[in-house]
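S.K.: The structure that follows is given in the form of structure tokens.
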Amino acid sequence: MPNAILTVEEELALRKPIDDYVGGIQAKVDALRENGTTRVVALQGEIEATKRDKILTKAERDRAISGYQKELSEAKAVESKNKAQVDGLIKDAVTYLGAHYDKDYLSRVKASCAQERVVAKEKYEKNLARLEKEHQSNLSGLTDHAEIKDENYVYKNRRFDAKVEYQKDLQAAKDREHEAFSYRYHLIDMLRLSKFTLGESQAQRWENYKYTFNTRQFLLRNGLYIAILAVFIALCIAAPIVKGTQLLTPANVLNILQQASPRMFLALGVAGLILQTGTDLSIGRMVGMGMTASTIIMHQGVNTGTVFGVAFDFTSVPIVGRIILALLVCVVLCVFFATIAGFFTAKFKMHWFISTMANMLIIFGLLTYATKGVSFGSIEPAIPNMIIPKVNGFPTIILWAVAAIAVVWFIWNKTTFGKNMYAVGGNQEAAAVSGINVFWVMLATFMMAGVLYGFGSWLECMRMVGSGSAAYGQGWETDAIAACVVGGVSFTGGIGKISGVTIGVLIFTALTYSLTILGVDTNLQFVFSGVIILLAVTLDCLKYIQKK
């Protein structure tokens, strides 16, 4: 029967001609490599070990390395001499596998596994029918409520056991099929010494993805993205109908990226805090403060508004100087207030919510009192064209965001500080025991966030050509936090990627932009953001509960 289930012996018998043919070639290749490639690898290991050997004197070490290098040259000569013959044998083996492996072995194993799944399902259905029959028979002789309840409980457990047994049978068939697929690459691995072509590597990745795929885990990781994508597709369909315009145009895409760029800085800043189980409620007020300071310094002409009754005049300062001064003031102010919140959080274990909420109130109160809540108008029109010009219609403000992503990615992934951030976020007590200064890591994370807030507000001032006021940036903290959560930065701590933050910012900006084009009320957009945050955190909590 073509679909008969193969025994282990029958499967091995199918594979034997392949093992014999490829194994024969492997033996020839090993013999040719013995005094060549194999010897080269061994000698290189000996040389490295000798270099690290502190027992030997320098003269002894040099003498030993010199001897090894002489032998290495001889081994490389043998390797070079045999290379063409070895490559020919490997090509012969790989060609044979391509012609016979799937046809003579793998296809038969797949058919056998498919039949195993059919038999497993039939067995499961028969078990369920038998259990149902026994259950009904047992119930018919019972009248006591407690006994009926016990019987129902036993019946439920027996059905669960039958399901577990069925899942084991399915997994056994899946394992067998996966092993049969992987064996081919094991043979190639031995022949080529772990070198695969791009096609072979992709085939293995796809197979491993299918093998480890779990629907529940997939939905936990990607369910929110799928829902948001569905909403975005619906908006793209609705836009031509409702507003007579297309959403996915090059101009709209560039507008979305342009709007997302300053927000990227804010999200990257708060992502570090969320990574350590924290948050920051003062982001929006930081933006308002930075926007106001930047607008005052780069204002077109003399400021008409005042700060604590003083009208500032920077018109005598060269434009480049004003640009640099505005950036420095933005960064210094944001770092100063972020450091205050960080100090109280790290030193006194104050909850992040309290310390950053206090910051939010202090900044807003001081800024509103100092400026009387007025807007400071426009900045010099030449400044945006100097810092974020449009080149052939391309907004170069996007490049600033790309640079920020690259720098923060490097800090998170390639520095000791970044590794310490993950460690502190994962478990503060364990991090402290391992010698990490938790206080300074937390404080430095706040300070890094302040730097990013300062840059973000400075760029936003450029993008909006000024218009700084105490009220600017209201609600931006929710967008930044939501972007991080949607991007997979977990409030449980120690989990998150810069790529996720980037995707989260782009998703949120795109949806906000789309809703605005469709004329959806701003207040309803806040509702939409709240729902997304709630769903994202719920999924994150479910993943955390499942791990525990």
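The values are calculated or read from the model by the stated rules, or taken from the named source; none is laboratory data. This one's a predicted model, so the numbers in the text were calculated from it and none came from an experiment. Glycine gets a Cβ as well: all are built from the backbone with ideal geometry, and neighbour counts include every protein chain shown.
S.K.: Here is a check on your reading of the model: is L268 under 23 Å from the mean Cα position of the chain (by Cα), closer than 20 Å to M447 by Cα, in the same structural domain as V489 (by TED's automatic domain parsing) and in contact (Cβ under 8 Å) with a residue 24 or more places away in the chain? Let's see the steps before the verdict.
M.R.: Values: under 23 Å from the mean Cα position of the chain (by Cα): yes; closer than 20 Å to M447 by Cα: yes; in the same structural domain as V489 (by TED's automatic domain parsing): yes; in contact (Cβ under 8 Å) with a residue 24 or more places away in the chain: yes.
Yes: the conditions hold for L268.
S.K.: Kindly list, by first and then second residue, each pair from a residue in the range 312-325 that is touching a residue at least 24 places away in the same chain (Cβ under 8 Å) to a residue that is of a type in the set (G, A, S) and in a loop (DSSP other than H, G, I, E, B), limited to pairs with Cβ atoms under 9 Å and residues at least 6 apart or on different chains.
M.R.: none
S.K.: Being within 31 Å of the chain's Cα centre (by Cα) and under 22 Å from Y472 (Cα atoms) is the filter here; which residues of the range 355-409 pass it?
M.R.: Answer for the range 355-409, where residues must be within 31 Å of the chain's Cα centre (by Cα) and under 22 Å from Y472 (Cα atoms): S355, T356, M357, N359, M360, I387, I388, I397, I398, W400, A401.
S.K.: OK, next. When only residues in the range 211-220 that are in a helix (DSSP H, G or I) and surrounded by fewer than 12 Cβ atoms within 10 Å (Cβ to Cβ) count, which is modelled with the highest pLDDT?
M.R.: Initially, the range 211-220 is screened for residues in a helix (DSSP H, G or I), giving 211-212, 215-220.
So of that shortlist, the ones also surrounded by fewer than 12 Cβ atoms within 10 Å (Cβ to Cβ) come out as 212, 215-216, 218.
Working: T212: 93, T215: 87, R216: 82, F218: 86.
Selected residue: T212.
S.K.: Still on this structure, please answer the following. On the given criteria, is L193 of a type in the set (A, V, I, L, M), modelled with pLDDT under 95 and assigned by TED's automatic domain parsing to the domain that holds V41? If you could, list the steps in order and put the result at the bottom.
M.R.: Values: of a type in the set (A, V, I, L, M): yes; modelled with pLDDT under 95: yes; assigned by TED's automatic domain parsing to the domain that holds V41: yes.
Against the criterion (of a type in the set (A, V, I, L, M), modelled with pLDDT under 95 and assigned by TED's automatic domain parsing to the domain that holds V41), L193 qualifies.
S.K.: Return the total of residues in the range 1-51 being assigned to a helix (DSSP H, G or I), of a type in the set (S, T, N, Q) and either out of contact with any Asp or Glu (no Cβ under 7 Å at 6 or more places or on another chain) or farther than 30 Å from R61 by Cβ (or both).
M.R.: So the first thing to find is which residues in the range 1-51 are assigned to a helix (DSSP H, G or I), and the list is 8-34, 37-51.
In the following step, the residues that additionally are of a type in the set (S, T, N, Q) were identified as 26, 37-38, 44, 50.
Now drop any that are not either out of contact with any Asp or Glu (no Cβ under 7 Å at 6 or more places or on another chain) or farther than 30 Å from R61 by Cβ (or both), which leaves 26, 38, 44, 50.
Selection size over the range 1-51: 4.
S.K.: If you check A449, A471, A444, A406, which single one turns out to be assigned to a helix (DSSP H, G or I), of a type in the set (G, A, S), more than 20 Å from L328 (Cα to Cα) and out of contact with any strand residue (DSSP E or B) (no Cβ under 6 Å at 6 or more places or on another chain)?
M.R.: Working: A449 fails: more than 20 Å from L328 (Cα to Cα); A471 fails: assigned to a helix (DSSP H, G or I); A444 fails: more than 20 Å from L328 (Cα to Cα).
Unique residue meeting the criteria: A406.
S.K.: Do the conditions hold for I398, that is, is it in a loop (DSSP other than H, G, I, E, B) and among the β-branched types (V, I, T)?
M.R.: On the way: in a loop (DSSP other than H, G, I, E, B): no; among the β-branched types (V, I, T): yes.
Against the criterion (in a loop (DSSP other than H, G, I, E, B) and among the β-branched types (V, I, T)), I398 does not qualify.
S.K.: Turning to a different aspect of this structure: Only one residue in V40, V86, V119 is under 28 Å from E11 (Cα atoms) and touching a helix residue (DSSP H, G or I) at 6+ places or on another chain (Cβ under 9 Å), so which one is that?
M.R.: Details: V40 fails: under 28 Å from E11 (Cα atoms); V86 fails: under 28 Å from E11 (Cα atoms).
None of the others qualify; the one that does is V119.
S.K.: In the range 45-78, what residues are polar (S, T, N, Q) and surrounded by 15 or more Cβ atoms within 10 Å (Cβ to Cβ)? Even if it seems obvious, please write down each step before you answer.
M.R.: Within the range 45-78, the subset polar (S, T, N, Q) is 50, 57, 66, 69, 73.
Of everything in the range 45-78, just one residue is polar (S, T, N, Q) and surrounded by 15 or more Cβ atoms within 10 Å (Cβ to Cβ), namely T50.
S.K.: Further question on the same structure: Among the residues of the range 112-166, count how many are of a type in the set (D, E), part of a helix (DSSP H, G or I) and exposed (fewer than 11 other Cβ atoms within 10 Å of the Cβ).
M.R.: Initially, the range 112-166 is screened for residues of a type in the set (D, E), giving 116, 122, 125, 132, 134, 144, 147, 150-151, 161, 165.
Then drop every residue that is not part of a helix (DSSP H, G or I), which leaves 116, 122, 125, 132, 134, 147, 150-151, 161, 165.
Imposing the further condition that a residue be exposed (fewer than 11 other Cβ atoms within 10 Å of the Cβ) reduces the set to 122.
Qualifying residue count, the range 112-166: 1.
S.K.: All but one of (1) in contact (Cβ under 8 Å) with a residue 40 or more places away in the chain; (2) within 16 Å of V270 (Cα to Cα) hold for T306; state the number of the condition that does not hold.
M.R.: That leaves (2) as the condition not met.
S.K.: For the range 414-442, name all the residues that are aliphatic (A, V, I, L, M) and more than 11 Å from Q276 (Cα to Cα).
M.R.: Our first condition is that a residue be aliphatic (A, V, I, L, M); within the range 414-442, this holds for 421, 423-424, 430-433, 436, 438, 441-442.
Result: A430, A431, A432, V433, I436.
S.K.: Okay, next question. Being within 26 Å of T249 (Cα to Cα) and modelled with pLDDT of 90 or more is true for just one of T502, T522. Which residue is that?
M.R.: Matching residue, one of T502, T522: T502.
S.K.: For L539, indicate whether it is at pLDDT below 80 and assigned by TED's automatic domain parsing to the domain that holds L247. Talk me through it step by step, then tell me what you get.
M.R.: Values: at pLDDT below 80: yes; assigned by TED's automatic domain parsing to the domain that holds L247: yes.
Taking the combined requirement at face value, the residue satisfies it.
S.K.: Oh, and also: Return only the number of the condition from (1) over 30 Å from V22 (Cα atoms); (2) part of a helix (DSSP H, G or I); (3) not assigned by TED's automatic domain parsing to the domain that holds V485 that G223 does not satisfy.
M.R.: Exception for G223: condition (3).
S.K.: Let me confirm something: among Y155, Y185, which residue is of a type in the set (F, W, Y), free of Cβ contacts under 8 Å to residues at least 40 places away in the same chain, assigned by TED's automatic domain parsing to the domain that holds D92 and under 21 Å from D19 (Cα atoms)?
M.R.: Working: Y155 fails: under 21 Å from D19 (Cα atoms).
After applying the criteria, what remains is Y185.
S.K.: Here is a follow-up. Would you tally the residues in the range 320-368 being surrounded by 15 or more Cβ atoms within 10 Å (Cβ to Cβ), β-branched (V, I, T) and over 26 Å from A431 (Cβ atoms)?
M.R.: 6
S.K.: May I pose another question? Can you pull out every residue in the range 274-311 that is in contact with a strand residue (DSSP E or B) (Cβ under 9 Å, 6 or more places away or on another chain) and of a type in the set (D, E)?
M.R.: Those that are in contact with a strand residue (DSSP E or B) (Cβ under 9 Å, 6 or more places away or on another chain) and of a type in the set (D, E): none in the range 274-311.
S.K.: Sticking with this one: Within the set of pairs 6+ apart or on separate chains, which have a first residue in the range 479-495 that is outside the structural domain of V537 (by TED's automatic domain parsing) and more than 14 Å from R263 (Cβ to Cβ), a second that is of a type in the set (A, V, I, L, M) and at pLDDT below 90, and C-beta atoms under 7 Å apart?
M.R.: none
S.K.: Here is a further query. When you scan the range 453-470, do you find a residue that is in contact (Cβ under 8 Å) with a residue 12 or more places away in the chain, charged (D, E, K, R) and either touching a Leu at 6+ places or on another chain (Cβ under 9 Å) or on the phi < 0 side of the Ramachandran plot (or both), even just one?
M.R.: Taking the range 453-470 first, the residues in contact (Cβ under 8 Å) with a residue 12 or more places away in the chain are 453-470.
Keeping just the survivors that are charged (D, E, K, R) gives 460, 463.
Keeping just the survivors that are either touching a Leu at 6+ places or on another chain (Cβ under 9 Å) or on the phi < 0 side of the Ramachandran plot (or both) gives 460, 463.
Yes, there is a match, as at least one residue in the range 453-470 is in contact (Cβ under 8 Å) with a residue 12 or more places away in the chain, charged (D, E, K, R) and either touching a Leu at 6+ places or on another chain (Cβ under 9 Å) or on the phi < 0 side of the Ramachandran plot (or both).
S.K.: I'm told F526 meets every condition in (1) within 23 Å of L281 (Cβ to Cβ); (2) within 21 Å of the chain's Cα centre (by Cα) except one. Can you identify the failing condition by its number?
M.R.: (2)
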